[in-house]
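Q: Below is the structure I would like to discuss, written out as structure tokens.
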Amino acid sequence: MLTFPNGKINLGLYITNRREDGYHDLETVFYPIALKDALEIVKGAEQTNLFVSGKAVAGSKEENIVWKAYELLRQQFPHKIPILDIYLNKGIPMGAGLGGGSADGAFMLKLLNDFCGLKLSQQQLAARALELGSDCPFFIYNTPQFATGRGEVMQPVAIDLSDYAIQLVCPAVHISTAKAFRMLSPKPASFDLKMLPTIAVKDWKHQVSNDFEEPIFNLHPALKDVKQQLYNQGALYASLSGSGSTIFGIFPKGQKAAIQTDFLFEEYIL
């Protein structure tokens, strides 16, 4: 059985509180995008294996979120989860703020649910996804969502960017999410993102921001320059996604920017 985990971008991101449990409260809109990995499971023979191809993935098999998702459900349903061969082909860059790892974990839960007939509801899958990571539950629903709490408290938001082009600029810069959080001083959100659908995309740049941009741009000024290039060449809205390092621009259909910078980067037009 085959599925295609997709990435996401953040439309606005505010870090509002540092919690006693070590996590942070945030407010953001998660928006799914068409940049995808491929994930396949087939019945195996003697032991479950994970085969990873495509873009590089750091860490051991046991550290891979797909493996963690398999182990999570295998422990809860030991008589229903068989020995498998798991194939993951990475197309979404790691450490880019696009949620590729979280998507893989959530899609693995959904894949096992269907393949093994576990009959778990979306809510039950989302609860298990939260055990894998804060933004994993979003990928269970995989529709535009206004998110609060750690990112797991969600409500649908009516945003449709299908009439626009989304340009992703993914630098060869890995930004540690933990380090990025340490550089922030939580504060109340400067804009109510539930209001985002009522504002024209061309006006978002005057209202919507990402709290990670200031500290990340201080560390990597070239990323700030990429964002400005997107605006200079016609982007209606441009932003860092998550804690980075991807910068995205939303353009009228058929338009994009020609980015010039000294660092290596990958580019995707969606």
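Q: Take the Cα of Thr261, step 7 Å along the line toward its Cβ, and report every residue of region 164-181 whose backbone nitrogen sits under 16 Å from that point.
A: Under cut-off, by backbone N: 167-176.
Q: Right, something else. Just to confirm a number: summing +1 for Lys and Arg and -1 for Asp and Glu over residues other than Gln124 whose beta-carbon lies under 15 angstrom from that of Gln124, what do you get?
A: Its environment carries a net charge of +1.
Q: May I ask you to derive the relative contact order of region 103-262, considering only C-alpha pairs under 8 Å and at least 6 residues apart, and to give it as an integer percent?
A: Relative contact order here is 20 percent.
Q: Run lengths n ≥ 4 of DSSP H only: what is the helix-derived mean residue ellipticity at 222 nm for the chain, with -39500 (n - 2.57) per run over all residues, to the nearest 500?
A: Calculated mean residue ellipticity at 222 nm is -7500 deg cm²/dmol.
Q: Measure off, as a whole percent, the carbon and sulfur share of the 1.4 Å-probe accessible area of the chain, all protein chains present.
A: Here it works out to 50 percent.
Q: So if we plug the beta-carbon distance of Arg182 and Ala127 into 1/(1 + (r/R0)^6) with R0 = 22 Å, what FRET efficiency do we get, rounded to 0.05? Display every interim value, and only then the final one.
A: Values: r = 28 Å, r/R0 = 1.29.
In this case the efficiency is close to 0.20.
Q: For Gln233 and Phe191, what does the FRET efficiency come to when R0 = 41 Å and r is the distance between their Cβ atoms, rounded to the nearest 0.05?
A: So, using R0 = 41 Å, E works out to roughly 0.95.
Q: Restricting to DSSP loop positions (anything but H, G, I, E, B) with no more than 16 other Cβ atoms inside 10 Å of their own Cβ, which GluC sites (Glu not before Pro) remain in region 4-44?
A: Glu20
Q: Could you check what % of the DSSP bridge pairs in region 1-139 are antiparallel, to the nearest 5? Please list the in-between numbers first.
A: Values: 17 of 23 bridges.
Close to 75 percent.
Q: Sticking with this one: Distance in nm between label sites at Ala222 and Lys68, each 7 Å beyond Cα in the beta-carbon direction?
A: Placing both labels 7 Å beyond Cα along the Cβ direction yields 3.0 nm.
Q: Still on this model: Run the numbers on the chain and let me know its relative contact order in percent, using alpha-carbon pairs under 8 Å that are six or more apart.
A: Numbers: 560 pairs, mean separation 62.1, N = 270.
Rounded, it is 23 percent for the chain.
Q: Something else about it: Just in region 1-99: which trypsin sites (Lys or Arg not before Pro) are loop by DSSP and have at most 11 other Cβ atoms within 10 Å? Let's see the in-between values first.
A: Values: sites: Lys8, Arg18, Arg19, Lys36, Lys43, Lys55, Lys61, Lys68, Arg74, Lys80, Lys90; in loops: Arg19, Lys55, Lys80.
Listed in order of number, the matching sites are Arg19.
Q: Mind pulling the angle between the C-alpha long axis of helix 221-232 and the longest principal axis of the chain? Nearest 10 degrees, somewhere in 0 to 90.
A: The angle comes out at about 70 degrees.
Q: Which label belongs to the value computed from this structure, given these candidates for semi-axes √(5λ) of the Cα gyration tensor in Å: (1) 32, 20, 18; (2) 40, 20, 18; (3) 27, 21, 17?
A: (1)
Q: Could I ask something else about it? List the relative contact order of region 186-270 as a percent without decimals, with contacts defined as Cα pairs under 8 Å and 6+ residues apart.
A: Across region 186-270, relative contact order equals 25 percent.
Q: Next question, about the same structure. Quick check: residue separation of Val153 and Lys119 times 0.36 nm, minus the Cα distance between them. What number comes out in nm?
A: So the chain would gain 10.0 nm between Val153 and Lys119.
Q: May I ask for the angle, rounded to the nearest 10°, between helix 65-76 and the longest principal axis of the chain, with both axes built from Cα atoms and the value confined to 0 to 90°?
A: 40 degrees
Q: Rounded, prolate or oblate for region 1-155? Axes are the square roots of the Cα gyration tensor eigenvalues, ordered a ≥ b ≥ c, and the cut-off for rounded is a/c under 1.5.
A: prolate
The values are calculated or read from the model by the stated rules, or taken from the named source; none is laboratory data. Owing to the predicted nature of the structure, the values given are computational and were not obtained by experimental measurement. Neighbour counts are summed over all protein chains in view; Cβ atoms, including those assigned to glycine, are modelled from backbone coordinates with ideal geometry. Just so you know, the surface numbers come from the protein's heavy atoms only, side chains and all, with ligands and any DNA or RNA stripped out. Shrake-Rupley method; radii C 1.70, N 1.55, O 1.52, S 1.80 Å.
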